[in-house]
Amino acid sequence: MQSEQRTGVWIFGALGSIATHVLAGTAAIRRGLAPRRGLVTDMAPLTTLDLPGLDNLVFGGHELRPDTDPLGAAREIASRRGGLTRELVDAVEPELIAVAADLRPGCRAGLGAWAASLGVDSPGDADPVAETARMRADILEFRARHGLDRVVAVNLASTEPVSAALLGSQATGWDSFLAAHGPDIPASVLFSAAALQAGCALVNFTPSPALDLAPIRALALAQGLPICGKDGKTGETLLKSVLGPMFFARNLRVLSWESFNLLGNRDGQVLAHEGNKKSKLAGKSDLLRNVFDYPFHGEVHIDYVPSLDDWKTAWNLIHFEGFLGTRMMLQFTWQGCDSALAAPLVLDLVRLADLALRRGESGPMLHTAAFFKAPLGQVPVDLAGQMALLAEYAKTA
Ligand SMILES: NC(=O)c1ccc[n+]([C@@H]2O[C@H](COP(=O)([O-])OP(=O)(O)OC[C@H]3O[C@@H](n4cnc5c(N)ncnc54)[C@H](O)[C@@H]3O)[C@@H](O)[C@H]2O)c1
């Protein structure tokens, strides 16, 4: 059973690597050119839910990059041997050209010097109030132009730095927060407010802090809208949420868990900036600290290695102690195409957020915990417990 209504998907960071895999991948699936591999919502028991079909999604979004369009971004990925082939991109060229008409300029307020690596001149020079209003109007216009029933907003933009001053702000209402912190508020937070004011469900697939801020959560509740995040769990952290609980369950004491991540895409380029990297490291490090109730040595490292491009390589060394204090070791190397892992999860989250929006569910979507490194709310830390939440939700079909 699938809803026949039409849902808009408004992507913040619409020419990024994940966004481009979502756009090209959805078009390829619709044409029957590629399998739906990786979509969790295609699996029982979630198939009983009345989720929108991929044919019913209409894409648009905000993007800062001045140098390309959806077709150009897809060709660039294919030429670098990412998760898209040149044949597939050629086959979906009409869809990629068509979506260009639904792209609007990205948010030019709330950017740091790091945004220069995206090719943006004078980043952060725009007025945050005007940019928020403009983004809200862009989304409402998209919805009206296509006659959409609902719109799900998805943050797929570059990771932004976290500011302790913003996280500790006493302002609880959005207007007072904007007045108190205007120029210091990151672009994706302004986008999140605009999306909620426009009546969208909000998915934060990035480590950026929007959903950690009281005014954004209050806005979602006041508007009666569902939200979920943060930071998609696609590779190394997915393994940690399986292996960590396994060591704990077998009373094997972890002494050290060292993690090294190497990646060379634009995400990696932005993460080479210290402030931006700090946001990513927080989510990656917290998971294991929440699994074990004792201290262990463990550091997460992220390094930018341009030649690897989207083929993220993560090496982990786990030194642990068993019976009679016997010391043993597990090492793993994960080599995944980051965006090909992320794209189906984004589609899953869009489908689940659309259903929540249609049902009038508001606040954190606890059942989506399995999709995130740092999920909202009091939820289990292990993947099995998180998948059980999702299965429980499916009973509401
Ligand atoms: N790939 C994964 O497995 C994975 C997993 C979890 C989280 N993430 C996060 O998802 C996000 C996207 O990853 P990606 O690999 O597609 O990155 P990317 O760098 O290819 O794409 C990000 C896009 O956002 C755009 N952007 C940045 N600031 C903007 C603004 N103010 N307005 C509009 N557009 C803006 C950039 O121009 C770029 O096109 C990153 O934050 C990444 O950390 C990725």
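Please treat every number below as a calculation from the coordinates, not as lab data. Predicted model only: the values in this text are computed from it and were never measured. Neighbour counts run over all protein chains shown; Cβ positions are idealised from the backbone, glycine included.
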In nanometres, what is the gap between the two model label sites at Ala384 and Asp50, each 7 Å from Cα along Cα-to-Cβ? 3.5
Binned Cα-Cα distances of the stretch 176-313, short to long, each 10 Å bin given as a whole percent: 10, 33, 30, 22, 5, 0
Label point at Thr172 placed 7 Å out along Cα→Cβ; residues across the stretch 216-233 whose backbone nitrogen lies under 19 Å: 216-225
Cα-centre dipole for the chain with unit charges at Cβ (Lys and Arg positive, Asp and Glu negative), debye to 20: 700
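Taking R0 as 56 Å, what FRET efficiency do you get between Ala165 and Leu324 from their Cβ-Cβ distance, rounded to the nearest 0.05?
Details: r = 50 Å, r/R0 = 0.90.
The formula returns an efficiency of 0.65 here.
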Which one of Leu263, Thr47, Ala130 is farthest out on the positive end of the charge dipole of the chain, using unit charges on Cβ (Lys, Arg +1; Asp, Glu -1) and the Cα centre as origin? Thr47
Using the Cα gyration tensor of the chain, with a ≥ b ≥ c the square roots of its eigenvalues, what is the shape: rounded (a/c below 1.5), prolate (a/b larger than b/c) or oblate (neither)? rounded
Selection from Ala340, His301, Asn316, by position along the positive dipole direction of the stretch 291-374 (Cβ): Ala340
A chain fully extended from Trp334 to Ala100 at 0.36 nm per residue, minus the present Cα-Cα distance, gains in nm 80.8 nm
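At 0.36 nm per residue, and after removing the present C-alpha to C-alpha distance, how many nm does the segment from Glu93 to Phe260 gain when stretched out fully?
Net length gain for the segment: 56.4 nm.
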What does the C-alpha gyration tensor say about the overall shape of the stretch 296-369? Classify as rounded when a/c is under 1.5, otherwise prolate if a/b is larger than b/c, or oblate. oblate
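So what is the relative contact order of the stretch 94-220, in percent, for Cα pairs below 8 Å that sit 6 or more residues apart?
RCO, the stretch 94-220: 31 percent.
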Report for the chain the percent antiparallel among DSSP-assigned beta bridges with both residues inside it, nearest 5. 40
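Classify the stretch 88-239: rounded, prolate or oblate, from the alpha-carbon gyration tensor (a ≥ b ≥ c, eigenvalue square roots; a/c under 1.5 rounded; otherwise prolate if a/b is larger than b/c)?
rounded
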How would you rank 229-239, 352-362, highest first, on the average number of other Cβ atoms within 10 Å across their residues? 229-239, 352-362
With axes computed from alpha carbons, what is the tilt in degrees of helix 187-197 against the longest principal axis of the chain, rounded to the nearest 10 within 0 to 90? 60
Given points 7 Å out from each Cα along the Cα-Cβ axis, report the Glu299 to Leu239 separation in nanometres with one decimal. 2.0
Rank by packing, highest mean first: peptides 253-264, 183-194, 35-46, with packing defined as the count of other Cβ atoms within 10 Å averaged across residues. 183-194, 253-264, 35-46
Dipole of the chain (Lys/Arg Cβ +1, Asp/Glu Cβ -1, origin at the Cα centre): which of Met365, Val9, Leu281 lies farthest to the positive side? Met365
The relative contact order of the chain, taking Cα pairs under 8 Å that sit 6 or more residues apart, comes to a percentage of 20
Can you order the peptides 83-93, 338-348, 69-79 by their average number of other Cβ atoms within 10 Å per residue, highest first? 338-348, 69-79, 83-93
Before rounding to the nearest 500, sum -39500 (n - 2.57) across all DSSP H runs of length at least 4 in the chain and divide by the residue total; then give [θ] at 222 nm in deg cm²/dmol. -12500 deg cm²/dmol
